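Quick notes on the structure that follows.
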Amino acid sequence: MNIFQFGGSVGARVWEIMSERRKEAPRAEALLKKLEARFGGRMPEEARRKVIVSYSIYQPMIIDAFTALRGRKATLEEKERLIQYFICSGAFDDFVDRNELSPEDLDTISFVPENFQPRRIEEKMFLHCHLALRNFVRHRAAYDQAARGLFRAQVDSGKQSRPERMSAEELLRITLEKGGYAVLLCHFYLDHDASEAERSCWYRIGGIIQLTNDLFDIWKDIQAGVQTLPNKMTDAQAFHAFLSAEVREMMEIIGTLPVPKSRKRAFLLNMMAICSFSDMAVARLRRIQGAAPQLPDLKTLPRKALIVDMEKPANIWHCMRYTFQQCRDGQRLFSSTKPIPA
């Protein structure tokens, strides 16, 4: 398959994702309305929009990619649980980012929810969805471990808004754990158990997604005084090498998935398409750095230099070319990689 034929495959997948997203957004809104009616209130519009947008993107782009490893789509019950998860995720982010709950209350509502007395609609809906999800999961010990990992990372992320300078090591830990555990939790809400390699893929793509979000939000985070790994970056070439190593490790893990090669190839395409966004964002910074040993101070750059426009043909072409190259390299790697038993 050449890059133009591959482009047709990617285009078909993009069309499928957009089509499914249009179907899933009303599903999320319907469940929100149902729960709001039950608890006699309405979530703030920004919070509602976050749930709808996050779920309607993740469902076709991430969840369907993982269920396709078993040759199926997500069931209606799985979709409802995932909407509940995004209600919890969005509400908890607000609890932390806006200091809406004390550290003690955050711990109680998360790990001793039966002792928490909700007052606002957001707390009532979080509590309802959180308990429903906990009661569903089959592997409670592993689930609680992942939930505590995400809790720690989300609470620690509050340090990113403080004036004290954070080390690159701490920023990296918080970034990868926040993104990794947030996505890893989703697999507990599906009707099948995941292999060790598959769980590793969930975690790793979550970390890459969080890095991508931070790369796209460099300008916004600088203005808000939020420290992230990308906006503290001094060498775009080194950052590109780090990201490439992360993607390569994930590619190697995909090669060990205990599924047919045809499903591995389809899954690889989905994962590399997601990774292409971070590569494209870093490529922009590499051009700014040029042959210099370091980037200029990002705070001195105009907004236009740091904003990523995904509608630009050059950016779309970069993502397609990157995905094609990574899929080609990955398929070569698969031929020498033995699957790990499920």
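The values are calculated or read from the model by the stated rules, or taken from the named source; none is laboratory data. Fair warning: this is a prediction, and the values are worked out from it, not measured in the lab. Here the Cβ is made from the backbone with ideal geometry for all residues, glycine too, and neighbour counts use every protein chain on show. With ligands, DNA and RNA removed, areas are computed over all heavy atoms of the protein, side chains included. Shrake-Rupley method; radii C 1.70, N 1.55, O 1.52, S 1.80 Å.
Structure notes:
- The set of residues from region 211-246 being among the hydroxyl-bearing types (Ser, Thr, Tyr) and part of a loop (DSSP other than H, G, I, E, B) comprises Thr228, Thr234.
- Selection status of Pro103, out of contact with any Phe, Trp or Tyr (no Cβ under 8 Å at 6 or more places or on another chain), over 22 Å from Leu185 (Cα atoms), touching a residue at least 24 places away in the same chain (Cβ under 8 Å) and open to solvent by 30 Å² or more (accessible area, probe 1.4 Å): no
- Residue list for region 35-67, restricted to those being in a helix (DSSP H, G or I), more than 12 Å from Ile83 (Cα to Cα) and of a type in the set (Lys, Arg): Arg38, Arg49
- The listed residue being in contact (Cβ under 8 Å) with a residue 24 or more places away in the chain, hydrophobic (A, V, I, L, M, F, W, C) and touching a Lys or Arg at 6+ places or on another chain (Cβ under 8 Å), out of Ala182, Ala168, Ala224: Ala168
- Search result, residues across region 24-49 that are surrounded by 13 or more Cβ atoms within 10 Å (Cβ to Cβ) and of a type in the set (Gly, Ala, Ser): Ala25, Ala28, Gly41, Ala47
- Residue in region 187-200 that is under 11 Å from the mean Cα position of the chain (by Cα) and either closer than 17 Å to Ile254 by Cα or assigned to a helix (DSSP H, G or I) (or both) present: no
Here's the yes/no breakdown for (1) under 15 Å from Val96 (Cβ atoms); (2) under 18 Å from the mean Cα position of the chain (by Cα); (3) of a type outside the set (Asp, Glu):
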residue: Cys129; (1), (2), (3): no, no, yes
residue: Ala146; (1), (2), (3): no, yes, yes
residue: Pro163; (1), (2), (3): no, no, yes
residue: Arg173; (1), (2), (3): no, yes, yes
residue: Glu177; (1), (2), (3): yes, yes, no
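- With a requirement of 2 or more residues that are surrounded by 15 or more Cβ atoms within 10 Å (Cβ to Cβ) and modelled with pLDDT of 95 or more, the helices (runs of 4 or more DSSP H) lying completely within region 247-340 that satisfy it span 261-289.
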